Every structure is written in structure tokens, then in C-alpha cells.
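Every number in this text was worked out from the coordinates using simple rules, so none of it is lab data. Because the structure is predicted, anything quoted here is derived from the model rather than measured. Ideal geometry is used to build each Cβ from the backbone, glycine not excepted, and the neighbour counts take in all protein chains shown.
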Amino acid sequence: MSEQNFDLVVLGAGSGGYAAALRASQLGMSVALVEKNKVGGTCLHVGCIPTKALLHSAEVADVSRESATYGVKSNFDGIDIAAVSAYREGIVASKYKGLQGLLKARGITTIEGEGKLVSPNTVQVGETKLVGKNVVLATGSYSKSLPGLEIGGRVITSEQALDLPFVPRKVAVLGGGVIGVEFSSVWRSWGAEVTIIEALPHLVPNEDESVCKQFERAFRKRGIDFKIGVKFQSVTQNDSGVVVTLENGETVEAELLLVAVGRGPSTANLGYEEVGIKMDRGFVLTDERLHTNVAGVYAVGDIVPGLQLAHRGFQQGIFVAEEIAGLNPIVVPDSGIPRVTYSDPEVASIGLTEAKAKDLYGADKVASYDYNLAGNGKSHIIGTTGSVKVIRVLDGPVVGVHMIGARVGELIGEAQLAVNWEAYPEDIAPLIHAHPTQNEALGEAFLALAGKPLHGV
């Protein structure tokens, strides 16, 4: 059995793992990066990138249907799923090739194969032992199911949904979170009938309640059916479809059932517990600086409790490399991480919801302003409705921004700077927002909370 030595060994080459490897290499460390599938992980190959390609296809379908509104004559003749797949696969292949080239250019040793932690400083891949002065665990996540709900046949996960060779006529979606509503949005734009089943009281249930209600109205207007506050009981399937039974006795019939109930940490049988790493329901426990309880071992991304977002893992990977290098990077709490749902309409948020802000600071210490996009020129031009809601502590900083409408994900950059830099609305109000942009909606909300609303009342 051969042995190789490195400053850092990274197990898993998704967003968190490859970011740790790149930053560590940049800081002068020798790095081994272990990946059993393809570098880039879930996000690049079966998550963020390919699903957003589908969502763009869906947007084009909707625009072609509505083009007469904008004085353009066109016809929507249907979806060529083979062409959609080729478009999606081309984007993924290009990004994959670029990432491979970048890792090679940085001198990172990439090892293909299934790695296992066999001691606090050693990852074994086949007959090779990779010994690191430090080890980063970054093994990502998998699509979860519910107890007793078996995946197979017409019961599928998001990974299988990506590769469907046809557009379903009727789909049931179990889960009204990000994955569930994004696929629902795509399929509806492509012409399918969709019914979402969500056990919690709202779709996109982690968002501010005002956004949840607007989102539900928008989906209802699009003809997307949903059943909220009711739990799944069972599903049966045959050659033609599925029948989903809910706990209240209702049934939903469809061609397929997409199970979108979240993602679980991929940590089983990787040696973590045997080496003595503290775990909780499969998650790796760390302190706020991402150290595990075992010296020299760190964890990043979806295996660490908290938001399961590619950009969280990416930032944590950079953080750990800098932590190992002694640079003392700043900790970004989960509340400071931007969140975007890329459905139609989009949802983007950062910081505290109004309810959480009131719980934390007291109802009499919190103010909010909800700017309706109906007053925004660019939103009117592109034909979207929605709102931008900003929450502040009275005589204090902005602590939350919550947005809904087409393209609002592109506004999250300024919002996350305002929240993470603890800016006061009075600090931002004098600054200039270009006209006509949707970004002006944020400017209007900041003006209002600074006590000088211009277009609002």
C-alpha cells in the first residue's frame, strides 16, 4: 500500500471541497482532492447549474407564449426535450472542463475514487493512503425520502427528474421547498399539470410570511395546484401513474411523484464515527470555526448542520483554508447567507424574517417597509409583480431583506452587503440606484425606512 503526504487532504470535490483545495493551494499548501464521482459535485452536475438551465428553458417557453404582449409575433410549438437536455449538458460539460483545468493549473493532486477516513490525518483511496497535516471533510448530501417511501419506478428524486426523456402530463411533487417549487415551475411552464404537497402551512416555508403568501398567489395564478398543511401518507403506482394518499384522506393522481423533501448528509460508511468525530443524525458537528472535535479535522458544506446551499459550502471551503493558514477569517452566520429560489416568481432573501426579528429584538423595536414592484419602472417593463421588504431595528441596522418577483435573485448582492455590514437605512438612502432598474426598489425601501419615502406612502 502506497502512502502520499500533503499539507491538506480534502475528501469530496463539490463546492466546499474544491474551494478549500483552490484557496489552500493559493496559500502555498500541497493539496490532495479526493472525489468518487466528478469534481464539482452535486451543484455542478445534478443541482444548481443543470436545474437553472431547465428554468431558463422554462422562462423562454413562457416568453414565447406571451410575446404578443411586447409586440413580437411568435408561436410556442412545444418542448424538444432532447434539445433541452443537450443545452443543459453542454453547459455542465463546459463548466466541468473549466474546473478540471483550474485544479490542474493550481497543482492540486486530484484522486478519483471512493475515499474513507481511516485515521484523523489519513484518507484511504483503494490501495493508497493520503496523509495530511490537516483534513477537510466535504462529502456533500443526497436526496432524502420519507420513512416507508421507496424511490423507484414512477417515484423519483430531483436527479432522475433532470434526465426525464419526456415532459410529463401531470406531476405530483412532495415538498414545497426550493427543489419542489423549482421543478414545479419548470414543468408548469412546459405545459404539465402540477400538484404540490407540503406538510407545513406554506410553500417556501422558510421565507418571510408575506413572501410565502405572495408566492402562493402567484403559483395559484399560474395554475399550479398545491395542498399545504397536510402530510403524505402513502403512494401506489402502476404502469400508467401513481396515486398519492394524504393523511386527511385526499388522493392525488399523477404520472410521476417527485420526492423533494430535502437532502441528507452523505457521511455513512466513510469512517467518521470510527475515528471519533462527533455526529448528530449523520451530520458532522463543528464549532463556529468549522473545527470538529478531532484535532486537524474540519468539515464544510452540506454535512455541517445549517443551510444546505452551494455558496455556503464554497465560502466555508475558503474559510477553512484560511483558518488552517492562520489568517483568522471572519465567521459568516447562516443568517448572513443569501438565499434564492429560482422559480417563477423568484424569491431572494437575507437575514431575519420579520417574525424572527421581533422575537429577537421585541415587536416595538422593529420596523419594516414593503415596497410593491408595481411602482418600479423596470419591473413594469418586464411584466413582473412582487415586492421588496426591508426590516430594520429602530435606530439600528438593516437585519433582513425579503424579495419576490422576476429576477430579484440578481438584487441579493446589495441586500447581503447591507445586512452583513450592519448598514443603517440612513447610510444607504443617499446612495444612487441607477434608473430604470429593479435595484431602485431596494433604494426606495431604504429611503422609506430612513424616514423619507419618495414614491411610497
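Which of 324, 151 comes first, and how do the rest follow, when ranked by fewest Cβ neighbours within 10 Å? Write down the numbers at each step before the final one.
Numbers: 324 20, 151 14.
Ranked by crowding around the Cβ, least crowded first: 151, 324.
Could you put 390, 294 in order, starting from the residue whose Cβ has the fewest other Cβ atoms within 10 Å? Could the numbers behind the result be given before it?
On the way: 390 28, 294 17.
So the residues, fewest neighbours to most, are 294, 390.
Rounded to the nearest 5, what % of DSSP beta bridges with both residues in the chain are antiparallel? The partial results should precede the final answer.
Numbers: 46 of 81 bridges.
DSSP beta bridges in the chain are roughly 55 percent antiparallel.
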How big is the gap, in Å, between the Cα center of the stretch 10-81 and the Cα center of the stretch 381-443?
26 Å
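Which of rounded, prolate or oblate describes the stretch 13-142 when judged by the alpha-carbon gyration tensor and an a/c cut-off of 1.5?
On the way: a/c = 3.62, a/b = 2.92, b/c = 1.24.
Taking the square roots of the gyration eigenvalues as a ≥ b ≥ c, the stretch 13-142 is prolate.
Among the listed pairs 52/221; 73/227; 133/278, which are separated by more than 28 Å between their Cα atoms? Don't jump to the answer; show the numbers that get you there.
Working: 52/221 22 Å; 73/227 37 Å; 133/278 20 Å.
Where the Cα-Cα span goes over 28 Å, the pairs concerned are 73/227.
Can you tell me how much longer the chain between residue 381 and residue 82 gets when fully stretched, taken as 0.36 nm per residue apart minus their C-alpha distance, in nm with one decimal?
On the way: separation 299, 0.36 × 299 = 107.64 nm, distance 3.25 nm.
Difference between extended and current length: 104.4 nm.
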Given contacts defined as C-alpha pairs under 8 Å and at least six residues apart, what's the relative contact order of the chain, whole-number percent?
15 percent
Is the shape of the stretch 299-400 best called rounded, prolate or oblate, per the rule: a/c under 1.5 gives rounded, else a/b larger than b/c gives prolate, else oblate, with a ≥ b ≥ c the square roots of the Cα gyration tensor eigenvalues?
oblate
Could you put 331, 136 in order, starting from the residue whose Cβ has the fewest other Cβ atoms within 10 Å?
331, 136
What is the calculated FRET efficiency for residue 360 to residue 236, with r their C-beta to C-beta distance and R₀ = 35 Å, to the nearest 0.05?
0.15
For the chain, with the dipole built from +1 on Lys and Arg beta-carbon atoms and -1 on Asp and Glu ones, taken about the Cα centre, which of 233, 267, 85 lies farthest toward the positive end?
85
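Above 17 angstrom, tally the Cα pairs of the stretch 369-457 and express them as a % of all pairs, no decimals.
Working: 1558 of 3916 pairs.
Cα-Cα pairs of the stretch 369-457 separated by over 17 Å account for 40 percent.
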The rounded separation in angstrom of the Cα centers of the stretch 116-158 and the stretch 271-298 is 14 Å
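Rounded to whole Å and sorted largest first, what semi-axes of the equivalent ellipsoid does the C-alpha gyration tensor of the chain yield via the square root of 5 times each eigenvalue? Walk me through the numbers on the way to the answer.
Details: eigenvalues 271, 182, 94 Å².
Sorted largest first and rounded, they come to 37, 30, 22 Å.
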Which lysines, on any chain, are close to residue 365 with Cα under 26 Å apart, when same-chain ones fewer than 8 places away are left out?
213, 356, 389, 452
At what distance in nm do the modelled label points of residue 222 and residue 144 sit from each other, each positioned 7 Å from its Cα along Cα→Cβ?
2.4 nm
Simple SL model, points at 7 angstrom along Cα→Cβ for residue 37 and residue 273; separation in nm is 2.4 nm
Suppose a student asked you for the relative contact order of the stretch 155-261, using Cα pairs under 8 Å spaced at least 6 residues apart; what percent would you report?
36 percent
Sort the stretch 155-261 into rounded, prolate or oblate with this rule: let a ≥ b ≥ c be the square roots of the eigenvalues of the Cα gyration tensor; rounded if a/c is under 1.5, and if a/c is not under 1.5, prolate when a/b is larger than b/c, oblate otherwise.
oblate
